[in-house]
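Enquirer: What follows is a structure written as structure tokens; I'll ask about it next.
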Amino acid sequence: MKKMNRICTSLLALLIVAAAVSCSDTSTDEGSAVTTGADTAAIEDTTAADNVPDRLAELGARDLTGQIYTVLDSNPNDAMHINIPGDTQTGEIINDTLWSRDAFMEETYGVTINYEQKTSGGSAIVRASVMAGDRDFDFVIGTGGGDMKTMTTQGVLANLCEVEHLSLDQKWWSSLMYDSLRFNDAMYFTTGDITPTMYQIAACTFVNTKLVDDYDLDCDFVSEVRNGTWTWDLVGELSKDIAQDLNQDGQWAYVDDLFGNIGCFSTYLIPGCAVDYCTFSEDNTVLSLAPITDRTVAVCEKLQSVFPQKSIKSEGNDFSQSAFKEDRALFLTHITESAAVHLRDMESDYLILPVAKFDEAQEGYRTAVNLWATAYVGIPLTAADEQTGFITEAMAYWSYKNMRPIAFDLTYKAKTVRDERSVEMLDIVFDNLYCSFADLYNFGGLTSVYWDVLCTDKGIASEIEAISGKAEGDIKNFMETWGQPQS
């Protein structure tokens, strides 16, 4: 177990954050953000401006001297998905901000934050601990489609809805997941600013601004998003005349052709259009397969039309590493992680936007997520008390107020995001993170069917009808076993 040896005072910790947030002069050296001490100031309190309550004030003072709060980071990709600080401050913004957060917690409340990291077997470790009645961990970070789903079906995670102090409908947690991953008044995991990997999991659309200029496209993208008019009709209109089979071989390929739209991933597009695979009863006690409506059909047909190229030749991640990065795609829909991984050294500028809505009548944007990143959090059953809720809520809120601006203004802006307006757009992206039970459990192959339909010219109604019996059976089994220990 790693025990963080605090060598900095809370004053120093806050100065580190203040310098990072307010610095006006940043430069990069091999991708690392560097701040100049001459351009620092105190963190501006934006609580009133963004209409977010001061949660720390609401929680009030508390003396937890001598208490230890242990976090398990069950992380198969710890080099990329950084959720815990190292043994020392390193100058890397996420690491040092985590240090600052933990120093704040220790200085303000007296609690010591400990970490243990496992690159494999994390869910088994938690299960063994809980089954033995031990409190080895107070908080767990893991993959949604792996560890967290597994621990939920094993019945070893606490119902977050019953943990005192957690405000799961607030911006430092995913409020849309609170709506969509809560069944029968129980919710066992979510995501939020408490884990920096949250900033890597969100679906978004990248806009190649060089191609926008080259094709003289008259569109104020940010205003369209702000006005709620960033829709797939608009995307289709802007991209309809872009695609070209550049080598005229009759085969579409990411490595050598030009595209209007790439990234036809149903897991990001269908939720973004506010299509629900399943529906809840009014009292949240019954989950049912959603009927295929005229709107569902229209969404699928619209997406088929704005991603007209089918059977595209692809190798690995060349849709981003080749086509978009080399200025041969106007729009790329993928996840925010691509900015830092695939587009880090892209020469042309790009803008990051939320995934488009189906139409202007759709209420708000939805941001689907990558379920296989280590960005999902829960509380072991043996640690589900008021004190755990207090510490967890305080860390989450502090992260929202202090880490998110740093992730935007330095990590994304200096390293990857090439347009200042993307900071505002990313707020919209991260404020609307969404995941459903169907995304997690793929009832009857629901999500796979939608993927197949978007990649072909098949009709959604007949395809869903073909698997409806299996899907309904899977849903029934889910309702019977949700949160219950399995042998």
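Enquirer: Any chance you could check the Cα centroid distance between region 100-119 and region 232-276 for me, in angstrom?
Expert: 45
Enquirer: Find how much the distance from residue 372 to residue 120 grows on full extension, using 0.36 nm per residue of separation minus their present alpha carbon separation; answer in nm with one decimal. Kindly include the intermediate steps, with their values, before the conclusion.
Expert: Values: separation 252, 0.36 × 252 = 90.72 nm, distance 1.35 nm.
Separation in residues times 0.36 nm, less the Cα-Cα distance, equals 89.4 nm.
Enquirer: Calculate how many DSSP beta bridges within the chain are antiparallel, expressed in % of all such bridges and rounded to the nearest 5. Please list the in-between numbers first.
Expert: Working: 28 of 44 bridges.
DSSP beta bridges in the chain are roughly 65 percent antiparallel.
Enquirer: Here's something else I'd like to know. Taking a 25 Å limit on the Cα-Cα distance, which of the listed pairs 210/240; 171/476; 149/357; 149/470 fall beyond it? If you can, show how the numbers build up before the last one.
Expert: Values: 210/240 17 Å; 171/476 32 Å; 149/357 28 Å; 149/470 20 Å.
Exceeds cut-off: 171/476; 149/357.
Enquirer: On to the next question. I'd like the carbon and sulfur percentage of the solvent accessible area for the chain, probe radius 1.4 Å, heavy atoms only, ligands and nucleic acids excluded.
Expert: On the way: 8960 of 19640 Å².
Ligands and nucleic acids excluded, carbon and sulfur reach 46 percent.
Enquirer: Next question, about the same structure. Determine the relative contact order of the chain: mean sequence separation of Cα pairs under 8 Å and six or more apart, normalised by residue count, in whole percent.
Expert: Details: 924 pairs, mean separation 116.8, N = 487.
Relative CO of the chain lands at 24 percent.
Enquirer: Under 15 Å from a point 7 Å along the Cα-to-Cβ line of residue 458: which residues of region 265-290 have their amide N that close?
Expert: 266-267
Enquirer: For the chain, report the accessible area per residue in Å² (1.4 Å probe, heavy atoms, rounded to an integer). Provide the component values of the computation, followed by the final result.
Expert: Working: 19640 Å² over 487 residues.
For the chain, the per-residue accessible area is 40 Å².
Enquirer: In addition: Calculated from the structure, volume of the Cα convex hull per residue in Å³ equals which of (i) 169; (ii) 187; (iii) 150?
Expert: (iii)
Enquirer: Another question about this same structure. Give me a comma-separated list of calculated 3J(HN,Hα) values for region 323-332, in order, Karplus coefficients 6.51, -1.76, 1.60 applied at θ = phi - 60°, integers in Hz, x for any Gly or Pro.
Expert: Rounded to whole hertz, the list is 4, 6, 5, 9, 6, 10, 8, 6, 10, 10.
Enquirer: Which whole DSSP H helices in the chain pass both tests: a Cα extent of 27 Å or more along the axis and a mean Kyte-Doolittle value no lower than -1.0? Working shown, then result.
Expert: Details: long enough: 386-406 (30 Å, -0.52); 460-481 (29 Å, -0.17).
In the chain, the long hydrophobic H runs are 386-406, 460-481.
Enquirer: Along Cα→Cβ, 7 Å out, is where each label goes; now give me the distance between the ones at residue 68 and residue 385 in nm to one decimal.
Expert: 1.5
The values are calculated or read from the model by the stated rules, or taken from the named source; none is laboratory data. In this text the structure is predicted, and so the values were computed from the model without any measurement. Glycine also receives a Cβ, built like all others from the backbone with ideal geometry; neighbour counts cover every protein chain displayed. What goes into the accessible areas is simple: the full protein's heavy atoms, side chains included, and nothing from ligands, DNA or RNA. Shrake-Rupley method; radii C 1.70, N 1.55, O 1.52, S 1.80 Å.
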